[in-house]
Amino acid sequence: MSFYVANRNLKKGEIREGGTGWNVLKYFAIFWTGTVAFTTMGLFVREFAHPVGINDTTAAGYLAGMGISLVAWFVPVICALVLGLFLKKNSVVEVGPTGALEGI
């Protein structure tokens, strides 16, 4: 998905800066953040809706799961953004329309 968003044709008035490498990694970080947040909240809501309730063991499991989710989010996002900063080219600026949208 991030490859598509980073390379899609721009509409009139849209601007894309930094080059392909930077944009792919930037959009990966955005999509990964949304995916992990959605998944974590979904699991959290599912477990709290459980009819048994919460005890000490369940609470410890929630904390461990949240810690794992935080690491699973943080490590890829930081790696992508650091690598993206090395690949970023401030001189590359695309102004829409581009590609098949140029005549529109």
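The values are calculated or read from the model by the stated rules, or taken from the named source; none is laboratory data. Since the structure is predicted, the reported quantities are computational estimates derived from the model, not experimental observations. When we count neighbours, we look across all protein chains shown, and the Cβ atoms used for this are built from the backbone with ideal geometry, even at glycine.
Quick notes on this structure:
- Residue check, V45 part of a helix (DSSP H, G or I) and modelled with pLDDT of 90 or more: no
- Looking only at residues of the range 1-29 that are farther than 17 Å from L81 by Cβ and part of a strand (DSSP E or B), we find that the one that is farthest from the chain's Cα centre (by Cα) is I15.
- Any chance V92 is assigned to a strand (DSSP E or B), in contact with a helix residue (DSSP H, G or I) (Cβ under 8 Å, 6 or more places away or on another chain) and touching a residue at least 40 places away in the same chain (Cβ under 8 Å): yes
- Those residues of the range 9-43 which are exposed (fewer than 14 other Cβ atoms within 10 Å of the Cβ) and in contact (Cβ under 8 Å) with a residue 60 or more places away in the chain, in sequence order: K11, K12, G13, I15
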